[in-house]
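The values are calculated or read from the model by the stated rules, or taken from the named source; none is laboratory data. Keep in mind the model is a prediction, meaning the values are calculated, not measured. Methodologically, a virtual Cβ is constructed for each residue, glycine included, from the backbone with ideal geometry; neighbour enumeration extends over all protein chains shown.
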Amino acid sequence: MSGDGDGRRGRRGKSGSEPSMVPRERPTSYYGRPIVKGPVWKPEIPFYFFFGGLAGASACLAAAATFAGRPRLARRAWAGAFVGVSVSPVLLISDLGRPARFLYMLRVVKVTSPMSLGAWLLAANGGATTLAAALNVLMPKRRGGFPEVGAALVGAPLTTYTAALITNSAIPAWSEARIEMPFVFGASAAASAAGAAMLTVPAEEAEPARALGIAAVVVEEAAWRVMLRRLGPLAKAYEDGAPGRDDKAARALGAAGAVAFALGSRRGPGSVRTHRAVSTAGGALLLAGAVFRRWAVFKAGIASAADPHQTADLQRERMAAEGRPGA
Amino acid sequence: MSAHLIATPSAATYGEEAKPRKGFFTDTSVCIGCKACEVACKEWNHVPPDPQGFSGSSLDNSGELGANRWRHVAFIEQKVSVGIEEAAPESFVEEAARQNLVEEGLDPHSDEDGFRWLMSSDVCKHCTEAGCLDACPTGALFRTEFGTVVVQPDICNGCGYCVVSCPFGVIDQRKGDGRVWKCTMCYDRLKDDMEPAGAQACPTDSIQYGDLEELRERAARRVERLHERGRGEARLYGDSEDDGVGGFGAFFLLLDEPETYRLPADPVVPTRRSPEVWAAALGAAAALIGGVAASFLGRRP
């Protein structure tokens, strides 16, 4: 039929009165137009996913370093957390258009809206991180307390709620990744927090961040692979075109960063100064990889929404699997 | 239905001020594609114009529902048998006309020569469980006393989350304004006991407005009558409360699969997935805390 143009649909029967008797190969579309709408968010939002993740995971790393008595690692991680949580609202306000619009988020608490809960998480993390960071700067010998615990407890879900935000949507390639995506985001956030800390931390206190960075890259890659496999045909949204290119960049940067972290270890060959330089480079690579990871996911959502067959096929397969009439 | 978060308030929360749930029944079998509803909707609601060119998609040059189009008439051209070979001649004139057509080269038995129009006026479905309403972080989207779903423009902050939460791609952000807009089922008119503009403008009663319960009964009778007349392809869409959005406030009688009309066959409100979504997000958050703690274990500063 002329309304489709891509020939996906079977020929209709001869009789106009009984077309439903003719089995069709695949659902058709309306001139190839999307069924669901893609995100209308500005580029600020994927960058916010990165900075929010950096803030939350850095708060966890910083709190652990404070309690473990690694003050120099703690101070750098608190700085990362503070930068992340300070840049985040600026990005959100820039997306919304003006500051007052961000405050509208805080007029209600809505459990059905990950956006609402996330705004409150960000506000709570902002307060706790600012207090903990200030205390750690003012009292270098501090061994931790309620502000640190609070910042970490709110920080961890701050890194993963953004995954809940996008998977709690009508976009097929996002929604169907709802189990794995928070692990991808959490691991990517951990990699960025480790990366930020490793930029400047002295070698004798760097080991936990180094271990965290390497583990995060491994976990992220594993979660990503599981996600793509379980997505089946929907994985196309992550693999083709612009999202696919960003994904390749994210994986390459992450792997390179992890290798640099391993080579930069004190046990590796070379001088102390070389170790330090390699570790710093590894940190920068992990940060860049985390940015590309969020962009790959964001662009995949746009691609998935734009393809009416992703929406239609998923629903038809579900109907067929459940043996519902009309499938 | 399995257990799921339902925070979508119902008109019942209005207590004594609650009104019977209102809705649209769009019978596409009598839509003539005149677009009077599109025009009436724009005029009444002061919906801004948007650039419109020649789309090449049959007679549809307005595309799809969006911030500046709260009603949209779809045009679908299909090559199907016209079925005149089966019709018993009711008069000599008809028989002659049929013979004439065949002699002129039209083959009524061929797929290629038959042709039919499908036309349908699409609109916000005003879902029982509305994805946009659940997603809204500001409370700008609300359930009215008529059971419809409406955006309050003075509270909307333009976060755009409802846009990706609608299984039908209805609600949309307006460029330059940043806020979202969609059909209100003419909330202002409903409060004055008036019919929504689109339904009033419809010359064939393809768009019928009224109490949802009564519309559902009317629709069931209509589809039954069409089946009796041999229109086996007629089916109701969105009339059942057992679907993934708890039933539509605005439902349809279609003559083909929903996808043909740019409609999802099995829409599910994202909120029904929320327990899984949050279990995964909190599980991953706990894993993050555990991973960070583990990276300090066994290491002395």
Task: Checking B:V102 against (1) buried (at least 20 other Cβ atoms within 10 Å of the Cβ); (2) at pLDDT below 95; (3) β-branched (V, I, T), the condition it does not meet - done: (1)
TODO: Please go through the stretch B:143-163 and pick out each residue that is of a type outside the set (S, T, N, Q), farther than 20 Å from A:A100 by Cβ and either free of Cβ contacts under 8 Å to residues at least 12 places away in the same chain or more than 11 Å from chain A (Cβ to nearest Cβ) (or both).
DONE: B:R143, B:E145, B:F146, B:G147, B:V149, B:V150
Open item on the list: Exactly one condition in (1) at the interface with chain A (Cβ under 7 Å from one of its Cβ atoms); (2) outside any helix (DSSP H, G or I); (3) crowded, with 23+ Cβ neighbours inside 10 Å is false for B:F252; which is it?
Closed with: (1)
Open item on the list: Just checking, does the stretch A:281-293 include any residue being on the phi < 0 side of the Ramachandran plot and outside any helix (DSSP H, G or I)?
Closed with: no
- [ ] Of all residues in the stretch A:190-209, count the ones that are buried (at least 24 other Cβ atoms within 10 Å of the Cβ) and either facing chain B (nearest Cβ under 7 Å) or not in a helix (DSSP H, G or I) (or both).
- [x] 4
Task: Conditions (1) more than 8 Å from chain A (Cβ to nearest Cβ); (2) part of a helix (DSSP H, G or I); number of the one not met by B:M185 - done: (2)
Open item on the list: Checking A:V218 against (1) buried (at least 21 other Cβ atoms within 10 Å of the Cβ); (2) assigned to a helix (DSSP H, G or I): exactly one of these is not met. Which one?
Closed with: (1)
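A quick yes/no check of all residues on (1) under 30 Å from A:P114 (Cβ atoms); (2) surrounded by 22 or more Cβ atoms within 10 Å (Cβ to Cβ); (3) small (G, A, S):
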{"site": "B:R222", "(1), (2), (3)": "no, no, no"}
{"site": "B:R229", "(1), (2), (3)": "no, no, no"}
{"site": "B:G232", "(1), (2), (3)": "no, no, yes"}
{"site": "B:D242", "(1), (2), (3)": "yes, no, no"}
{"site": "B:G247", "(1), (2), (3)": "yes, no, yes"}
{"site": "B:L263", "(1), (2), (3)": "yes, yes, no"}
{"site": "B:V277", "(1), (2), (3)": "yes, yes, no"}
{"site": "B:G283", "(1), (2), (3)": "yes, no, yes"}
{"site": "B:L288", "(1), (2), (3)": "yes, yes, no"}
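State all residues of the stretch B:39-72 that are under 17 Å from B:L118 (Cα atoms) and not aliphatic (A, V, I, L, M); if no residue qualifies, say none.
B:G56, B:S57, B:S58, B:D60, B:N61, B:S62, B:G63, B:E64, B:R71, B:H72
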- [ ] Report yes if some residue within the stretch B:57-67 is within 12 Å of chain A (Cβ to nearest Cβ), modelled with pLDDT of 95 or more and touching a Gly at 6+ places or on another chain (Cβ under 8 Å); otherwise report no.
- [x] yes
Task: A:V226 vs. criteria within 14 Å of chain B (Cβ to nearest Cβ), over 15 Å from the mean Cα position of the chain (by Cα) and not in a helix (DSSP H, G or I) - done: no
Task: Count - residues of the stretch B:257-287 that are within 16 Å of A:S169 (Cα to Cα), at the interface with chain A (Cβ under 7 Å from one of its Cβ atoms) and touching a Gly at 6+ places or on another chain (Cβ under 7 Å) - done: 3
Task: Among the candidates A:A119, A:A134, residue that is at pLDDT 95 or above and away from chain B (no Cβ under 12 Å) - done: A:A134
TODO: Hey, can you tell me all the residues within the stretch B:105-128 that are modelled with pLDDT of 75 or more, in contact with a strand residue (DSSP E or B) (Cβ under 8 Å, 6 or more places away or on another chain) and not aliphatic (A, V, I, L, M)?
DONE: B:R116, B:W117, B:S120, B:S121, B:D122, B:C124, B:K125, B:H126, B:C127
- [ ] Scan the stretch B:288-301 residue by residue and report those that are more than 7 Å from chain A (Cβ to nearest Cβ), assigned to a loop (DSSP other than H, G, I, E, B) and not basic (K, R).
- [x] B:L297, B:G298
Open item on the list: Give all pairs with beta carbons closer than 8 Å in which a residue from the stretch B:27-50 that is closer than 22 Å to B:R225 by Cα meets a residue that is among the polar types (S, T, N, Q) and outside any loop (DSSP other than H, G, I, E, B); count only pairs at least 6 apart in sequence or on separate chains.
Closed with: B:D27/B:Q208; B:T28/B:S120; B:T28/B:S121; B:C31/B:S120; B:C31/B:S121
Task: Residues of the stretch A:27-80 that turn out to be under 23 Å from the mean Cα position of the chain (by Cα) and within 11 Å of chain B (Cβ to nearest Cβ), as a count - done: 19
TODO: Output the residue which, of all residues in the stretch B:125-139 that are buried (at least 24 other Cβ atoms within 10 Å of the Cβ) and over 21 Å from A:Y161 (Cβ atoms), is farthest from the other protein chains (Cβ to nearest Cβ).
DONE: B:H126
Task: Residue among A:G254, A:G213 that alone is in contact (Cβ under 8 Å) with a residue 60 or more places away in the chain, buried (at least 24 other Cβ atoms within 10 Å of the Cβ) and away from chain B (no Cβ under 14 Å) - done: A:G254
Open item on the list: For the list (1) more than 11 Å from every other protein chain (Cβ to nearest Cβ); (2) in contact with a Cys (Cβ under 9 Å, 6 or more places away or on another chain), I need the number of the one condition that B:V223 fails.
Closed with: (2)
